[in-house]
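Shown next, in structure tokens, is the structure this report addresses.
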Amino acid sequence: MAKPRNQPDREERILFEIVVDAYNETERAMGWYYYLQNTLQMPFTAKCRSALATSPLKSGDELDVIAMATEDECMSEVFVVVKLGASELAVPLAQLECTAADEATLEAVADWHYWVARGYQY
């Protein structure tokens, strides 16, 4: 995936709302965690953007995102809990594309996708 063009409004939101006053990896991880936890309106419908060797999802799979994974599970990247058949499973948010969600949820997921695609890390 190509690195997205710099988006000044998104960069400003990330810097001044999401990772503001975050001076290390843990603080940045918690900034993202709480931003997403407070912004995502769950459940919402998503589909798998691409398959990963570490995830059972296949490209195009449609599923419901029902919760954030725990803080501990989100210390290296953001995971969300999805309903997969009769099971619940934590998968990377970067793997999912919102297909039915409110505007705030769409923007928050796009913020995370942008962060990941730009190569930023906690």
**OP:** Please give every one of the lysines within straight-line cross-link reach of LYS83, meaning a C-alpha to C-alpha distance under 28 Å, and leave out same-chain neighbours fewer than 8 residues apart.
**Re:** LYS47, LYS58
Subject >> Amide proton proximity set for PHE79, modelled H, under 5 Å, gap of 5+ >> reply: ALA69, LEU93
**OP:** Kindly express, to the nearest 10 degrees and within the range 0 to 90, the angle between helix 103-117's C-alpha long axis and the longest C-alpha principal axis of the chain.
**Re:** 70
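Using only DSSP helix segments of four residues or longer, with each worth -39500 (n - 2.57), what per-residue ellipticity at 222 nm results for the chain after dividing by its residue count and rounding to 500? Intermediate results must be reported in sequence, preceding the final value.
Details: 3 runs with 36 residues, N = 122.
Calculated from helices alone, the mean residue ellipticity at 222 nm is -9000 deg cm²/dmol.
Counting other C-beta atoms within 10 Å, and keeping those with at most 13, which DSSP coil trypsin sites (Lys or Arg not before Pro) do you find in the range 56-122?
On the way: sites: LYS58, LYS83, ARG118; in loops: LYS58, ARG118.
Sites meeting the loop and neighbour criteria: LYS58.
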Original post:
Once amide H atoms are placed 1.01 Å from N in the peptide plane, what residues at a sequence separation of 5 or more from LEU96, or on another chain, have their amide H within under 5 Å of its amide H?
Top reply: ARG49
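When a footprinting reagent is the concern and you count Cβ atoms within 10 Å, what order do ASP61, ASP9 take, fewest first?
Values: ASP61 18, ASP9 7.
Sorted ascending by nearby Cβ count, the order is ASP9, ASP61.
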Subject >> On Cα atoms only, tilt of 25-39 relative to the major axis of the chain in degrees >> reply: 60
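Read-outs throughout are calculated quantities, based only on the coordinates presented, and are distinct from any laboratory measurement. Here the structure is a predicted model, which means the values were calculated and not measured. So basically every Cβ, Gly included, is an ideal-geometry build from the backbone, and we count neighbours across all protein chains shown.
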